[in-house]
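Structure, as structure tokens:
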Amino acid sequence: MQVMERELNNIRIKAASMSVTSGEMYQQAIRALLNHDVDLARQVVARDRLVDVYELEIDEMCLNFLALYAPKAVELRYIVAVLRLIMELERVADHSKAVSRQVIDCHCAALMPLLPDFETILNLTLQMLREATDTFFEKNEEKYESIIETDKKVGRLQRDLNASLAQLIRDDAGNIDGAIVLLNIVRRVERIGDHSKTIAELVPYIASGRVVRHKEAVIDANPDN
Amino acid sequence: MNMDLMTVDNLDFYYGSHRALKAVNMPVVKNAITSLIGPSGCGKTTLLRCFNRMHDLYPGNRYEGAITMRGVNILSKQEDLISLRSRLGMVFQKPTPFPMSVFDNIAYGPRLRKVKNKNILQERVEKALRQAALWDEVKDRLNDNAAGLSGGQQQRLVIARTLAVEPEVILFDESTSALDPISTQKIEELMVELKKDVTILAVTHNMQQAARVSDFTALMYLGELIEYGDTKTIFTRPKHKMTEEYVSGHFG
């Protein structure tokens, strides 16, 4: 039905705008961090409210869509996926805001040149986020595999960075403050990678209902039996 | 901006001594679709039939209160029913084609209104059939008997016949309940298309249909209007517990 398709398209457009905004926020947070650009960091903090509004609006649109059109099959899965997507994007924006706050509150640049992997993890997770949202809107099932591979790489980088930061603390107690801030940032950056992975995992779910997360967990199809 | 085409003010309706509608108040918004929902016997069809005074066909029926359209109470004794019913057309549950050709079915109303010019009649017929999304399917068989059309086509023919006299309002009384899902979808799309030109009031047992097509929804129960509101609110955050129970299927 045309009205239903129009509504579905409105949801798609709004969710895509939210993806763009969250992605830009993370990109700007990275730039603010690397260049210690406090003004840019402030802009990111201010933009977080916009993402919150997007989340509420899309949530409402999905609720209305479910109530009014009772979608089935691919459309039902799409709405469920959008509801998950916006939660992930909202978290990405929150982490970007938190990273920007660190830029505003303290000078954490001193240790960064000692950690060559630091910039790598920032760029990798930004790339993951972009690819994940592109994949979501293009419904390109093949891309998501590479995002999952990248996520493993991000996990390894996080472990290495944590070890390097611990070593810096052991080497010089004067590094403690800066290292704690960077540990926190690395943790948030790794979380953004996780959120991107979750977004990518929604793509096969929309296409065929295939659930690819938590591979080790098996659900009983008939829990009442 | 929503504009009310009609308002129902404290409307009571009696079948003899039985009070079937109790102090109903609601607006009917212009160029919108309003659905009346509720369990069987709740009065929704009774209310719909007040709008074109169908109840006047039987003695002993009585209206109290008003349905006001442009400052005039259409329930008043002075109202000219022929003119009223051409302004408020009605489409019933089962298609009611007249036993005549497709063309004559549509031309019936205009001919009653003394339109004799063949060209004008042809224009009217084509316009109405196009508005009802039936033209492409019947343009080569305008002289065939309407009884030969499928159920869904017959229902669209009836809608076209209603449109041919250029009504302001179309009242749909369960107009898709005798149709298959594909024909139902066509009628629903047609209703949404038609609200550019007319105001629609529809009775439906199919709650999902009310949700899909209507802008406003009214829930009735035991002759009373329980809740009226925009459809999104009624189906997501109704104010009354009874509405909540009815739309979620837990009623009664």
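Data for the structure
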item	result
Area buried, chain B against chain A - accessible surface, total, 1.4 angstrom probe, square angstrom	1100
Helix axis angle, B:102-112 relative to chain B longest principal axis, alpha carbon, degrees	70
Å² of accessible area per residue within chain A, as computed with a 1.4 Å probe and no ligands counted	50
Label-point separation, B:Ala23 to A:Val20 (7 Å along Cα→Cβ), nm	5.4
Where B:Glu123, B:Glu189, B:Glu227, A:Glu145 fall by accessible area, highest first, once all protein chains stay in place (1.4 Å)	B:Glu123, A:Glu145, B:Glu189, B:Glu227
Normalised contact order of segment A:3-220, rounded percent, pairs of Cα under 8 Å and 6 or more residues apart	25
Cross-link partners of B:Lys30 among lysines (Cα-Cα below 20 Å; sequence separation of 8 or more within a chain)	B:Lys44, B:Lys195, B:Lys196, B:Lys232
Listing of segment B:182-202 residues, each with accessible area lower by at least 30 Å² in the full protein assembly than in the chain alone (probe 1.4 Å)	B:Glu189, B:Val192
Rel. contact order, % - alpha carbon contacts under 8 angstrom, at least six apart, chain B	27
17 Å Cα-Cα reach of B:Lys139 towards lysines, excluding residues that sit fewer than 8 places from it in its own chain	B:Lys118, B:Lys127
Cleavage-rule hits, trypsin sites (Lys or Arg not before Pro), segment B:198-252, DSSP coil, Cβ neighbours within 10 Å at most 15	B:Lys239
Segment A:29-74: trypsin sites (Lys or Arg not before Pro) in DSSP loop, at most 12 other beta carbons within 10 Å	A:Lys72
Label zone at B:Lys196 (point 7 Å along Cα-to-Cβ), backbone N below 17 Å, segment A:5-30	A:6
Portion, in percent, of the accessible area of the protein assembly as shown that falls on carbon or sulfur, probe 1.4 Å	50
Along each principal axis, Cα extent of chain A, largest first, Å	65, 41, 31
Cα-based Lys proximity count in segment A:3-220, under 14 Å, for pairs eight or more positions apart or on separate chains	4
Kirkwood hydrodynamic radius of the protein assembly as shown, Cα pairs, Å	26.8
Computed helical MRE - 222 nm, the protein assembly as shown, DSSP H runs ≥ 4 contributing -39500 (n - 2.57), nearest 500	-19500 deg cm²/dmol
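The values are calculated or read from the model by the stated rules, or taken from the named source; none is laboratory data. From a predicted model like this one, the values you see are computed outputs, not experimental measurements. Don't worry about glycine lacking a Cβ; one is built from the backbone with ideal geometry, like all the others, and counts go over all protein chains shown. Each accessible area value is taken on the protein alone, full model and side chains, heavy atoms only, with ligands, DNA and RNA left out. Shrake-Rupley method; radii C 1.70, N 1.55, O 1.52, S 1.80 Å.
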